[in-house]
Structures are given as structure tokens and as C-alpha cells.
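As C-alpha cells, the structure follows; a few thoughts come after it.
The values are calculated or read from the model by the stated rules, or taken from the named source; none is laboratory data. The shown structure was predicted, so the numbers you read here are calculated from the model rather than taken from an experiment. Ideal geometry is used to build each Cβ from the backbone, glycine not excepted, and the neighbour counts take in all protein chains shown. Ligands, DNA and RNA are stripped out before the accessible areas are found, and what is left, the full protein with its side chains, is counted by its heavy atoms. Shrake-Rupley method; radii C 1.70, N 1.55, O 1.52, S 1.80 Å.
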Amino acid sequence: MKLESFWQATAPAFTGAASGALPSVADVVVIGGGFTGISTALNLARQGINVVVLESGNVMSQASARNGGHCNTGVSQNFASLVASQGIEQASRFYRAFDDAVSYVQQLVREEQIDCDFRLCGKLKLASKASHFPGLRSAWQLMRDTVDPEIELISKDEIRREVGSDAFHGGLLQKRGGQMHMGKFGIGLANAAARAGAKIFPHHAVTGLTRLDGYRHRVTTAQGEIIAEKVMMATGVSNEGPFPWFQRRIVPVGSFIVVTEPLGDALIEQVLPKDRTYVTSLNIGNYFRTTADRRLVFGGRARFAVSNPTSDSRSGDVLRAAMTALFPQFGKSRIDYCWGGMVDMTSDRLPHAGEHDGVFYSLGYSGHGTQMSVWMGRVMADLLAEKRNENPWQRDTWPALPGYHGKPWFLPLAGLYYKAKDRLS
């Protein structure tokens, strides 16, 4: 078993890194070389704007290539709960933004001819307990009447047509869900940005950020300084760098994934005949899908811990046990890859984007970042270029988490809380 991301291990090489010294000036400096930062750079470069991307490690090395490979419509929390907290108009706007984001990813794949196994297959949320099905029914009724007339409710009697398991009590099918190979997409996107004129510098960690006036900043790295007319923060969950204001508002939560050996068409068709993306209804649940070469990608918050080799390996054991419990048919399958990554969670489990103290940002996708981060790159590029403002995630305030200064000391307590909720629900 390899302790590495399947997406990174099977992706092509990034060939678009800038050569030579850092430029002394730029119209926009983007901090972070994941989906948000690279999409922003691509859209700025297409407009002829001089944009530089600074990435502390390899391009597409963090959440953008360490996730479960889903590209789904729909918000991260229950839609009815979102309506209760935000109102139907705002909740519907958020939902449609995710739908637009999936369409935009599909558009970019087509425009840039990115070979990444993209396909729309539908997202199925599975009721892990009988008591969870009424909540899915309520969500189905509300969403069908407001934002998604094609949504489908599947009863317990019918769920076997979708999954070869006795573990589920029905499901909610959102037909616009999709999936792709995250490594191939990310590298294809980065190479497209470089072709468009973006200057991308891997292994250039930002060590200093000094506001000069207005939006202008001096951006400092170990390899030199740049005077940026504008700065865009796209660092995700990173606790590295001189960005304490952002770091106090995003909690890193570990999510872990295993990938099996190729299983073959016959076994996949027996267990997952519709071959969708799947998520279970537990708070500490699982998500899964197949790959183009017929592997199973199976993930979840196996342990409330940060990602490191020891934690990833232990989490892999937990995930294998969960996979086998749900699908005994996979019990003898070899695990080829195991890895972890950090989800950039916010207190309201929604993204936040806008401008603070002269720095633009789009962060905090809370486990639903694949599609939204790419789409927000386009939105933020237009905002930086002063063309238009379609940002749905601009809020008047973004409070820091009380008692939190970048070290998630409370994760074990959160894990106990959600485990208790799952037992009692």
C-alpha cells in the first residue's frame, strides 16, 4: 500500500512552471497554486493581465489533488437547514452557485481539452439509518419545489437497484453530480494557465505581506520580492505564512481516503450498477466512487486528526473496515493507495470570499471545493479586473472562531460529539 494520493501518483507532470527570477512587479499576485489560485490566474491571463502565482510546494499538491474526486452540485449541509438559517432566497442562490460551478468545470474541461475522465453521473446520498430517511424526504420535497425539479427520492425498497448492500434505507439522487480524475484535471488546468500567460512559481512560499497603499502590497519570498497592484489569497487550509487573520477563521479537519486495486467491470456492476458518486448520511460517514480503471475510491473522516503518515495509515485501516462492512464483496480487495488531506472548514460550513485589508480572498469550501474553487477563480478574476461582481459568498462579517489561533485543539472533542450524534440519530 502506497501512502500517497492516487490522483497525484497517476497525473501527468506539470510543464508550465515559470523559469528565471521572480519579476519585480505584477498586476496581481495569487498566493496558492491549487484550483482557486490557478483558475483565478487562468482567467486573469486570458484578459491580458500580468499575473504571478506563488505556491509553497508543488502545484496542485494539497486539497486540490487530495480529495475524494467528486464534482457535485448542492451545498455541504442539509438544504432545509440552510433555508432555516439563511432564508429561501439566499439558500437557493447558494445552491444554484454550486450548479453553475459544475457546469463551469465541464466547460473548462471542454475548452482546454483536459483529459481527466470527467463525467456527469449523479450524486446519491444514502440513508445510513431508517431514521434518516424522513429527513431526506423533507429535503427532496423542498428542493424539488425550489431549486432542483429533477431531484429523485429512492425508497428502501428501491435502493438495491443503486447499491448492492443491505446497509442503506433509501437515498436522494441529485442528477447533476459528477466526477473526474483530480490530478489530471489540476495539472491540465495549470498548464492551460501557463499557456495563457500566467507565471507560475512552485516552491516559492510567501514569508511576508506588507500593505503599501490601497490594494498594493509588497510580497516577500525567500527567492525575492514582488510589488503587486493586487493580491489574491487562495491558500485553502494552510497554516503556513504570515496570514493570521485568515488562519483564525478556517479549521483544518482531516479527511482520509483509500483506493483499491482494479476490481473489474463485473464486480463494479454487481455492487454499484449505476456508477455514481455516493455519500452516506452519517455525520462521520463515508463517500465513494469508482475510477476509469475500475478501482473504488473510498473516503471519510475516519479519525478526527490531522493528516500525517501515521495518522493516514491508521485511518486507512478504519476505512477498509468501513468499506468491508458496507460492501462485503470488496473484502478481499487489495488497497493500493492511502492518503489524507485537510479540509478547510468554516464555522458555517460555507465558503467566504471578498476583500479584507486590501487583500482579496476565496477560502473555506468546507469539503465541497472541487467545483466551487474553480468557479470562484473566474468570479474573483472578474472582481480583480473590476469587471463585475457575481460573488455569492461576500458577507458583511467573518468572525474568528473563539479561542482558536490556528491549532485545532478541539478536534478530538468534535469527533466525540459527532460520534454521539450518529449513535443517537
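Descriptive notes on the structure:
- Region 250-265: number of residues that are β-branched (Val, Ile, Thr) and at positive phi: 0
- Reported count of residues in region 182-208, each being out of contact with any strand residue (DSSP E or B) (no Cβ under 6 Å at 6 or more places or on another chain) and either open to solvent by 10 Å² or more (accessible area, probe 1.4 Å) or of a type in the set (Ser, Thr, Tyr) (or both), is 9.
- Condition check for residue 157: of a type outside the set (Ser, Thr, Tyr) and part of a loop (DSSP other than H, G, I, E, B): yes
- Positions within region 228-242 being out of contact with any Phe, Trp or Tyr (no Cβ under 6 Å at 6 or more places or on another chain) and surrounded by 15 or more Cβ atoms within 10 Å (Cβ to Cβ), in sequence order: 228, 229, 231, 234, 235, 236, 237, 238, 239, 241
- Residue ID - surrounded by the most Cβ atoms within 10 Å (Cβ to Cβ), chosen from residues in region 20-35 that are modelled with pLDDT of 95 or more and not hydrophobic (A, V, I, L, M, F, W, C): 33
- When 120, 54, 82, 153 are checked against the criterion of being touching a residue at least 12 places away in the same chain (Cβ under 8 Å) and in contact with a Leu (Cβ under 7 Å, 6 or more places away or on another chain), a single residue qualifies: 153.
- The lone exception for residue 269 - which of (1) assigned to a helix (DSSP H, G or I); (2) buried (at least 22 other Cβ atoms within 10 Å of the Cβ) it fails: (2)
- Test: residue in region 38-56 that is surrounded by 24 or more Cβ atoms within 10 Å (Cβ to Cβ), within 15 Å of the chain's Cα centre (by Cα) and within 24 Å of residue 203 (Cβ to Cβ): yes
- Selection status of residue 178, under 30 Å from residue 160 (Cβ atoms), buried (at least 16 other Cβ atoms within 10 Å of the Cβ) and either among the basic types (Lys, Arg) or touching a Cys at 6+ places or on another chain (Cβ under 9 Å) (or both): yes
- A single member of 336, 317 is open to solvent by 10 Å² or more (accessible area, probe 1.4 Å), at negative phi, among the acidic types (Asp, Glu) and in a helix (DSSP H, G or I), and it is 317.
- Close pairs from region 168-188: first in a strand (DSSP E or B), partner among the small types (Gly, Ala, Ser), Cβ under 6 Å, at least 6 apart: 173/122; 174/74; 179/69
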